[in-house]
Amino acid sequence: MSPKFDILGIGCATVDDLIRVAKYPAADVKLQVKGMERQFGGLTGTALVAAAKLGGKCAFGGMLGSDELSKSVEDNFIRYGIDVSHLVRRDDSRPIHAVIVVAEEEQTRTIFYEYEAPTGADPSGPSEDAIGSAKVLFVDHLGLEGGIRAAKIAREAGIPIVSDLEEIHNPKFDELFDLVDHLVVSDDFAEELTGATDPLAAILGLWTPGRDSVVITGGRQGAWYASAENRSPQYQPAFQVKAVDTTGCGDVFHGAYALALARGLDIHERVRFASAAAGLKATRAGGQIGAPTEEELSLFLRKDSSPSTTMEN
């Protein structure tokens with residue numbers, strides 16, 4: 001079957017209602033807000049939007065309900081051209097919902113979130129045909145049982161799996177972790193997984209025979225990576241930008257990496273492409289709305305020809 005999508009994402013999506021105030025209030029007061037807005041996020045949700053804005057053909061196959069929040073997430077995906085025909089509709093499911101109070105004087109964010117209903121990957125969906133219609137499967141740690149099922153199907157079909165994993169405290173984590181062949185994690189999570197503070201040692205600690213690549217992201221510190229073709233760790237410097245808001249930068253990196261993989265770019269090109277997308281996003285406010293378009297990223301990359309470098313042992 002010829003692939004229909006570049007990326008099928010089966011993880012979580014969130015709804016974030018932002019309330020902006022001058023200063024975080026004390027208890028038992030009335031306070032006029034400076035602004036209210038709804039944004040959308042989630043590890044898989046933002047990765048898919050980032051890839052779609054970069055020209056990727058993407059589909060969402062995670063769980064959503066029939067409530068207003070689920071409808072708003074679905075509408076947001078459609079707005080960015082993301083196919084929702086393979087999402088799993090469940091009456092007991094709904095997105096993670098957060099209310100975020102942004103205090104401008106203190107430059108702080110206080111996040112109140114609700115996470116009780118099933119979300120992320122469904123244990124029995126999407127179908128094997130839907131998974132087989134993608135060049136890349138994207139999973140996160142929400143709905144681990146469903147993620148494991150889909151990853152097994154993808155591995156059997158030879159479809160690469162890119163993950164965004166942030167939560168280790170689940171008995172099923174190791175099973176999904178071992179199925180992922182393109183592991184992209186933050187430096188903090190790599191340290192939690194391996195105990196190693198040095199990226200070189202962390203890459204070695206994260207490597208398994210089933211891996212195709214391991215990428216460790218460090219924000220403004222850059223990224224480190226190795227692949228099955230070249231196990232010598234490489235370093236991609238961070239792009240020099242004036243950061244305004246780093247919300248969602250890691251998710252944008254994941255989405256751009258997955259799209260670059262779907263397009264057949266090699267490991268060096270994938271990491272550079274993803275690093276540039278995350279760097280450019282940092283110059284704009286918002287997670288999904290701040291992710292760059294294909295034209296913006298192409299122009300940005302033409303202006304910067306920074307190479308990756310081999311790290312010495």
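Mind checking which of THR283, THR108, THR14 has the largest fluctuation in a GNM of the chain, springs on alpha carbons under 10 Å?
Per the Cα network of the chain with a 10 Å cutoff, THR108 tops the list.
Compute the separation of the alpha-carbon centres of segment 188-246 and segment 37-75 and state it in Å as a whole number.
Here the answer is 27 Å between Cα centres.
I'd like the Karplus ³J(HN,Hα) series for segment 188-201: coefficients 6.51, -1.76, 1.60, θ = phi - 60°, whole numbers in Hz, and an x wherever there's a Gly or Pro.
Along segment 188-201, the couplings run 5, 6, 4, 5, 4, 6, 10, x, 9, 8, 8, x, 4, 5 Hz.
With all protein chains present, how much of the accessible area of segment 23-111 (probe radius 1.4 Å) comes from carbon and sulfur, to the nearest whole percent?
Values: 2300 of 4560 Å².
Reported share for carbon and sulfur atoms: 50 percent.
Would you mind listing how long segment 148-252 runs along its three principal axes, going by Cα atoms, in whole Å with the largest first?
Principal-axis extents of the Cα atoms in segment 148-252, largest first: 43, 30, 27 Å.
Taking the Cα centre as origin and putting +1 on Lys and Arg beta-carbons and -1 on Asp and Glu beta-carbons, what dipole magnitude results for segment 173-227, to the nearest 20 debye?
Charge dipole, segment 173-227, about its Cα centre: 240 debye, nearest 20.
Over 10 Å intervals from 0, what percent of Cα-Cα pairs in segment 35-140 sits in each interval?
Percent of pairs per bin, in order: 13, 44, 30, 11, 2, 0.
Once the principal axes of the Cα atoms of segment 1-59 are found, what is the range along each, listed largest first in whole angstroms?
61, 19, 11
Just the ratio, please: alpha-carbon radius of gyration of the chain over 2.2 N^0.38 Å, N its number of residues.
Computed over Cα atoms of the chain, the ratio equals 0.97.
Among ALA202, ALA238, ALA22, determine the one that fluctuates most according to a GNM of the chain built with springs between C-alpha atoms less than 10 Å apart.
In the Gaussian network model the winner is ALA22.
For segment 189-261, what is the charge dipole size about the Cα centre, in debye to the nearest 20, if Lys and Arg each add +1 at the Cβ and Asp and Glu each add -1 at the Cβ? Could you put the intermediate results ahead of the total?
Values: 4 positive and 7 negative charges, 35 e Å.
Using Cβ point charges on Lys, Arg, Asp and Glu, segment 189-261 gives about 160 debye.
Kindly identify segment 107-197 as rounded, prolate or oblate by the Cα gyration tensor criterion: order the square roots of the eigenvalues as a ≥ b ≥ c, call it rounded if a/c is under 1.5, otherwise compare a/b with b/c, prolate if a/b is larger, else oblate.
In terms of gyration-tensor shape, oblate.
Could you check the spin-label model distance between GLN107 and GLU37? Points 7 Å from the Cα along Cα→Cβ, value in nm.
It works out to 1.9 nm between the two label points.
Spelling out what I want: for every residue of segment 142-159, take phi, set θ = phi - 60°, compute 6.51 cos²θ - 1.76 cosθ + 1.60 (Karplus), and round to whole Hz; glycine and proline get x.
Result, ordered by residue: 8, x, 4, 4, x, x, 5, 4, 5, 5, 5, 5, 5, 4, 5, 8, x, 8 Hz.
Would you mind putting 78-84, 221-227 in packing order, based on average other-beta-carbon counts within 10 Å, highest first? The partial results should precede the final answer.
Numbers: 78-84: 16.0, 221-227: 21.7.
Descending packing order for the listed peptides: 221-227, 78-84.
With charges only on Cβ, +1 for K and R and -1 for D and E, what is the dipole size of the chain about its Cα centre, in debye, rounded to 20? Each step should come with its number before you reach the end.
Numbers: 30 positive and 46 negative charges, 193 e Å.
About 920 debye.
Tell me the per residue accessible area of the chain using a 1.4 Å probe; a whole number in Å² is fine.
Details: 14330 Å² over 313 residues.
Value for the chain: 46 Å² per residue.
Could you tell me what percent of the accessible area of segment 159-313 is made up of carbon and sulfur, with a 1.4 Å probe and every protein chain present?
Working: 3440 of 6970 Å².
Result for segment 159-313: 49 percent of the exposed heavy-atom area is carbon or sulfur.
Have a look at the DSSP beta bridges in the chain and tell me what percent are antiparallel, nearest 5.
Among the beta bridges of the chain, antiparallel pairing accounts for roughly 45 percent.
List the lysines whose Cα sits under 26 Å from the Cα of LYS152, skipping any in the same chain fewer than 8 residues away.
By straight Cα distance, LYS152 reaches LYS4, LYS57, LYS135, LYS172.
I need the per residue convex hull volume for segment 199-313, using only the alpha carbons, in cubic angstrom as a whole number.
Roughly 101 Å³ of hull volume per residue.
The values are calculated or read from the model by the stated rules, or taken from the named source; none is laboratory data. Quick caveat, the model's predicted, so the values are computed rather than measured. All Cβ positions, glycine included, derive from the backbone under ideal geometry; neighbour counts span all protein chains shown. Accessible surface areas use protein heavy atoms only, side chains included; no ligands, DNA or RNA. Shrake-Rupley method; radii C 1.70, N 1.55, O 1.52, S 1.80 Å.
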